[in-house]
Amino acid sequence: MFTGIIKESGKIKNITGRDRDREIEIQCRRILEDLNMGDSISVNGVCLTAKSCTSGSFTCDVSYNTFDTTSFKYCHTGDIVNLESSMTPSDKLGGHIISGHADCTVKILNISAIGKSHLINLELPPGIHDFVVPKGSIAVDGISLTVSKVKGNSFSVVIIPYTYEHTNLPHKTSGSMVNIEVDMTYRYVVNFLQNRNTENTDPQKLKDKILKEKLEKYGFTKQEK
């Protein structure tokens, strides 16, 4: 689990492998101070496992499924990525709880400077539309951000100067692809409400429920006591 507070930006040093799987080596500094083999680490919001560490980099395997469903398929050697160590019970929860399981990748539509801050507009695919709400939390490349506005098939976030300067966002432009993870609380709530509403509005299920209640009421079915 992660909080979306980026510890540092690293650089992709090497990408090897073909076909189904990839191995990615990331050059960094601060994250290595308490990183051990087998530890989980968030790379652009995707939970990976460090399989080896050196004095200046660490290496992770990227499965074919992760490669195909995240922005890793667009990455190249030299790209800057956001890094965060997995949270511990004593960590401050400065952002929001993030699992590191990206829901999708979306395209940055445009980035504009507003004073010292930046406004980023992004695509809003139908699959996550119900989970993105104004003032709600969302993870963009692993960064915990607050949704500023939702309009049609797009949404926007405002980036304060500190976040902009200490993440990979200065290296993003219109057309760049980023990983998105919606707030897991919203996911559970929406899923519950959708399932409940489906059960309550399905005509056949409603008829079966009424029939069952009447049969029980007039003693045609055995009721457990």
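Quick notes on this one:
- Exactly one residue among H171, H96, H118, H166 is surrounded by 16 or more Cβ atoms within 10 Å (Cβ to Cβ), outside the structural domain of N65 (by TED's automatic domain parsing), touching a residue at least 24 places away in the same chain (Cβ under 8 Å) and out of contact with any helix residue (DSSP H, G or I) (no Cβ under 9 Å at 6 or more places or on another chain), and that residue is H166.
- For region 13-62, filtered to residues that are within 22 Å of E181 (Cβ to Cβ) and of a type in the set (S, T, Y), the residue that is surrounded by the fewest Cβ atoms within 10 Å (Cβ to Cβ) is T49.
- Residues of region 154-163 satisfying the condition of being out of contact with any helix residue (DSSP H, G or I) (no Cβ under 8 Å at 6 or more places or on another chain) and either farther than 16 Å from A113 by Cβ or assigned to a strand (DSSP E or B) (or both): S154, F155, S156, V157, V158
- Annotation note: Cβ proximity below 8 Å between a residue of region 126-154 that is under 18 Å from N191 (Cβ atoms) and a residue that is aliphatic (A, V, I, L, M) and in a loop (DSSP other than H, G, I, E, B) (sequence gap 6+ or interchain) occurs for V132/L124; I138/V132.
- Scanning region 69-91 for residues that are free of Cβ contacts under 8 Å to residues at least 60 places away in the same chain, surrounded by fewer than 17 Cβ atoms within 10 Å (Cβ to Cβ) and not polar (S, T, N, Q) returns K73, P89.
The values are calculated or read from the model by the stated rules, or taken from the named source; none is laboratory data. All of these numbers come straight from a predicted model, not from anything done at the bench. Because the Cβ atoms are built from the backbone with ideal geometry, glycine has one as well, and the counts that use them run over all protein chains shown.
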